[in-house]
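What follows is a set of notes on a single structure, which appears directly below.
The values are calculated or read from the model by the stated rules, or taken from the named source; none is laboratory data. Please read all numbers here as calculations on a predicted model, not as lab measurements. Quick reminder, even Gly has a Cβ in these numbers, built from the backbone with ideal geometry, and neighbours come from all protein chains shown.
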């Protein structure tokens, strides 16, 4: 029952482990490419053009300087530069200046195009990654979502769908810078090859320092996932429409604010410590690169004074070395940052590795239509992952086709667990459940769930239109207004909808503009309508009337009894006035069926049912 999920990753500490995280770049880039091959290609081609502009512009600058020096060195020098212009001596120089101007304009244009393409591609990738995450999450077992460690993993993965989009531009920029470095290095190699080696040696320490602190930052961020979820929860609880009443009445503002301040202070302390160490060591290691640069610059000046280089060469070499140093420093630290970002991608791709255990078999049986025999629980046992106590054990009973059965028992007796097993949100650890004589696990999972309409006691209050709130019961029939209206009448939600300003089109809930909030009972009627919207062969209502008054509750169950005719139905309720209309009542205790029968028979037999009935009836005397 543990689920086929990969073990939690050990926080990468060694340099080799951090390099290993680069394996995530291939699937990430493949994801970018699948999102939009056209935009990806356009981004790379535009960057290739930009990559060659700096060296070309610098070389044109060298030619301009050399030509100016040559003109100034001529004897006799003319009284006015117009003499040179009229003689045609400035034609070449004017061409060079015009070319450099054209490159500057082209560079600005390419920069804006790259920003445009990256913005469009980044948004597409973020949207597609989010959709892929939601699709994958929809395939996972309920067990996963009820596990705190998985919630941390899901939270980290969710943040990577948009939080890592800067990595895409960073990788593409590094490709661009690599081309620029190659072009600068080719020019520098022609004059002094050993200067490139000096640069690499000088910049190595800064690269290693950045790699170390990036890994430390990831480790800190990884371990804080539970605290981050707590911060999000406390912040939402302190300022949300759902909790505002209790927070005000119970005076919880100071408590929640103090809790948020306490946890966020711990975050700040860790970040401050890491930032201080990074600033101290980063500054010291970067100084080594500065020393290397000025040693090389001094060498170039000395060779120029010896006559080995022209003034234009000096300008070109000094500019090339400076840009090369900046680019290499950016590449090395960027490589370290990329490795760090790749660590974060681990969170996203490891989430995609989580697999569900509850699946359809290779050759599933179709869900029977109609159900002829019903469900049989044969010595079923189940306990939740990590729990020592069995939720249900040695549970055996029959739910016959077309029968209305009520489940009664104290809290923790296993009523809701039974429903989860019936809908295969979980599978039994012991025993089996049969449907028309075949193991429930032999049927197609989607068809099984489509054949069962369930409303849980903790049903979701969707901030959608009234129509969509009902249509979620069978979302494929969302456009079938007649079906929605029929489901609303059956649950008595039609009266609620009639009072709404926009009827079925009215937005419900206060999260969005023009939304209308409903009372607890009104929400419950909308939820019950979903079960009728499903028009399933099996109806399950788990504490469906807790927020209804006595009259509304009676009307709902009287109608439920009528509407569930020829359907198999399960009703869970603590109110005996409701369950007494069931064909049969099962009394659950300690995870097993303690007694069963009609309301009258169970009262006559005494025992737990009669005791609970008398306790509840005494409250009305």
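Considering each residue of the range 453-468, count those that are under 13 Å from residue 533 (Cβ atoms) and touching a strand residue (DSSP E or B) at 6+ places or on another chain (Cβ under 6 Å), and give that number. Counting residues in the range 453-468 that are under 13 Å from residue 533 (Cβ atoms) and touching a strand residue (DSSP E or B) at 6+ places or on another chain (Cβ under 6 Å) gives 4. Could you check, for the range 351-374, whether at least one of its residues is crowded, with 21+ Cβ neighbours inside 10 Å and part of a loop (DSSP other than H, G, I, E, B)? Scanning the range 351-374, I find at least one residue that is crowded, with 21+ Cβ neighbours inside 10 Å and part of a loop (DSSP other than H, G, I, E, B), so the answer is yes. The combined condition, being free of Cβ contacts under 8 Å to residues at least 24 places away in the same chain and closer than 15 Å to residue 572 by Cα, is not fulfilled by residue 439. Taken over the range 396-419, the criterion of being over 17 Å from residue 371 (Cβ atoms) and crowded, with 21+ Cβ neighbours inside 10 Å is satisfied by 406, 407, 408, 409, 413, 414, 415, 417, 418. Quick check on the range 23-48: of everything there that is crowded, with 16+ Cβ neighbours inside 10 Å and closer than 22 Å to residue 327 by Cβ, which residue is modelled with the lowest pLDDT? If we take residues in the range 23-48 being crowded, with 16+ Cβ neighbours inside 10 Å and closer than 22 Å to residue 327 by Cβ, then 25 is modelled with the lowest pLDDT.
Taken together, 63, 93, 58, 71 contain a single residue that is buried (at least 17 other Cβ atoms within 10 Å of the Cβ), in the same structural domain as residue 106 (by TED's automatic domain parsing), outside any loop (DSSP other than H, G, I, E, B) and modelled with pLDDT under 75, which is 93. Just one of the listed residues (547, 558) is surrounded by fewer than 21 Cβ atoms within 10 Å (Cβ to Cβ), at pLDDT below 75 and either over 39 Å from the mean Cα position of the chain (by Cα) or within 26 Å of residue 399 (Cα to Cα) (or both), namely 558. Scanning for something touching a strand residue (DSSP E or B) at 6+ places or on another chain (Cβ under 8 Å), farther than 29 Å from residue 436 by Cβ and modelled with pLDDT of 70 or more, does the range 568-578 turn up at least one residue? Looking for residues that are touching a strand residue (DSSP E or B) at 6+ places or on another chain (Cβ under 8 Å), farther than 29 Å from residue 436 by Cβ and modelled with pLDDT of 70 or more, one finds at least one in the range 568-578, hence yes.
Considering the range 428-460, and only residues there that are modelled with pLDDT of 85 or more and part of a loop (DSSP other than H, G, I, E, B), the residue that is farthest from residue 495 (Cα to Cα) turns out to be 429. Restricting the range 138-154 to residues that are surrounded by fewer than 17 Cβ atoms within 10 Å (Cβ to Cβ), in a helix (DSSP H, G or I) and touching a residue at least 40 places away in the same chain (Cβ under 8 Å), the residue that is nearest to the chain's Cα centre (by Cα) is 151. Checked against the criterion of being in a helix (DSSP H, G or I), out of contact with any strand residue (DSSP E or B) (no Cβ under 9 Å at 6 or more places or on another chain) and modelled with pLDDT under 80, the range 597-606 has no qualifying residue. The set of residues in the range 443-484 being crowded, with 18+ Cβ neighbours inside 10 Å and more than 29 Å from the chain's Cα centre (by Cα) consists of 443, 451, 452, 483, 484. There is no residue in the range 520-531 that is outside any helix (DSSP H, G or I) and either surrounded by 15 or more Cβ atoms within 10 Å (Cβ to Cβ) or at pLDDT below 80 (or both). Taken over the range 247-265, the criterion of being modelled with pLDDT under 75 and touching a helix residue (DSSP H, G or I) at 6+ places or on another chain (Cβ under 8 Å) is satisfied by 247, 252, 253.
Results for (1) closer than 30 Å to residue 168 by Cβ; (2) at pLDDT 75 or above; (3) over 27 Å from the mean Cα position of the chain (by Cα); (4) exposed (fewer than 13 other Cβ atoms within 10 Å of the Cβ), shown as yes or no for each residue.
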{"site": "276", "(1), (2), (3), (4)": "no, yes, yes, yes"}
{"site": "300", "(1), (2), (3), (4)": "no, no, yes, no"}
{"site": "304", "(1), (2), (3), (4)": "no, no, yes, no"}
{"site": "323", "(1), (2), (3), (4)": "yes, yes, yes, no"}
{"site": "332", "(1), (2), (3), (4)": "yes, no, yes, no"}
